[in-house]
Structures are given as C-alpha cells and as structure tokens.
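Please read the structure below before turning to the comments.
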C-alpha cells in the first residue's frame with residue numbers, strides 16, 4: 001500500500017489538516033489503516049477518494065444499483081416457475097452487451113443474435129455444447145435497439161477463442177464482455193421488462209453436440 005505524509009495528503013485530498021483529522025476521528029477503522037513512521041503520521045494514498053465527492057457519488061450509485069439487482073434477484077428466485085428462475089439455474093460462461101454502430105430495430109437485432117449463434121455453432125458446435133440467451137432493448141436516447149446476451153460454452157479450452165470470435169463477428173460494433181456472475185442478477189436485468197416476441201430467444205445445440213461422446 002502506498003502512503004503519503006500529511007503535506008502530500010493535503011494536496012491529494014484538497015482538504016485542510018483539521019478536515020482530515022476530523023474525518024479519521026469519525027472513521028476509526030480507516031484511521032487504523034494509517035501508519036506512524038518516525039513520529040509522523042502517514043496516510044494511505046487511496047484514502048484520498050473519500051474526500052472526493054464525485055468519486056463517492058459514483059461509488060454510492062454503483063452500490064445502489066447492486067442492491068437493486070440483488071432485490072430483483074431475490075424477487076425473481078421466489079417465482080420458481082418463471083423463465084428467469086429456469087435460466088438462473090443454468091451454467092453460463094460470459095455476459096455480453098452489443099451496441100450496434102448502425103441503427104437496428106428489434107427484427108434486425110433478432111437476426112443478428114441468431115446469426116451469431118449459427119456462426120459459433122458452425123465453428124465449434126461439433127465439439128462442445130453452446131447455448132445463448134439474448135434480449136433486445138431500445139436505447140433511451142435514439143430510435144434503435146441493442147442486445148444483452150449470455151453464452152455458455154461447455155469446453156473451457158474454447159472460452160478465449162469464443163470471446164475472440166464474438167468480437168470478430170461484431171467488429172464494427174461496440175461489445176462489452178465480462179465473466180458471468182450469477183449473483184450479479186444479469187439475467188434478471190436482461191428480462192426486467194418481461195419476455196415476449198422478438199424481444200428475446202434461447203438457442204442451444206445440447207441435443208446435437210458430440211462433446212460428451214469423446
């Protein structure tokens with residue numbers, strides 16, 4: 001952990017000495033992380049964020065969103081007959097978001113997702129189980145849609161290649177990917193408005209995969 005003396009910490013935090021010590025008096029757990037060296041108090045450099053209102057606002061916003069996601073998770077798990085509950089019970093590998101460069105309506109997004117699945121299944125479907133669940137959502141600021149989707153690839157040796165293939169498939173678009181975390185409630189975020197028509201689909205090759213035969 002990087003430490004700063006009081007003079008440098010005042011510059012980092014843009015706070016006065018009295019403000020800094022009042023803060024630590026109220027937060028004894030954080031004060032315990034400071035250090036006394038040669039009679040001088042040293043402060044962890046990353047504590048400076050506690051004095052930045054914008055950073056704290058962003059962190060609090062993220063915590064509120066995470067708490068809301070957990071509430072959604074609990075509510076959806078209570079309904080054991082829902083599709084959300086069924087999907088949550090499944091294993092998934094990655095969570096993706098695709099924002100298209102060109103404006104696409106729901107029909108176009110639906111075709112893009114099926115095209116992606118066909119592309120992955122053609123390349124890897126003979127050797128591994130692949131399944132994909134996607135939803136289509138409108139943007140708030142323009143008349144176009146984007147996709148959220150989760151993908152499962154049974155053969156972990158193919159994970160890196162699959163991610164590369166997906167990025168290549170959407171090479172003109174913006175894609176965000178993360179390891180799927182079932183406790184982040186991503187599936188329930190995806191289906192928060194309900195599932196109907198071209199808004200979503202679930203595709204799997206589990207009936208024709210030969211990955212378990214070798």
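The values are calculated or read from the model by the stated rules, or taken from the named source; none is laboratory data. Small disclaimer: the values here were computed from a predicted structure and weren't measured. All Cβ positions, even for glycine, are placed from backbone atoms using ideal geometry, and neighbour counts span all protein chains on display.
One line per residue, one yes/no per condition, for (1) over 36 Å from the mean Cα position of the chain (by Cα); (2) modelled with pLDDT under 90:
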site: 3; (1), (2): no, no
site: 10; (1), (2): no, no
site: 17; (1), (2): yes, no
site: 24; (1), (2): no, no
site: 31; (1), (2): no, no
site: 36; (1), (2): yes, no
site: 46; (1), (2): no, no
site: 56; (1), (2): no, yes
* To do: State all residues of the range 59-109 that are exposed (fewer than 15 other Cβ atoms within 10 Å of the Cβ), touching a helix residue (DSSP H, G or I) at 6+ places or on another chain (Cβ under 9 Å), in a helix (DSSP H, G or I) and modelled with pLDDT under 75; if no residue qualifies, say none.
  => 59, 66, 70, 75, 78
* Among the residues of the range 28-48, is any buried (at least 16 other Cβ atoms within 10 Å of the Cβ) and part of a helix (DSSP H, G or I)? -> yes
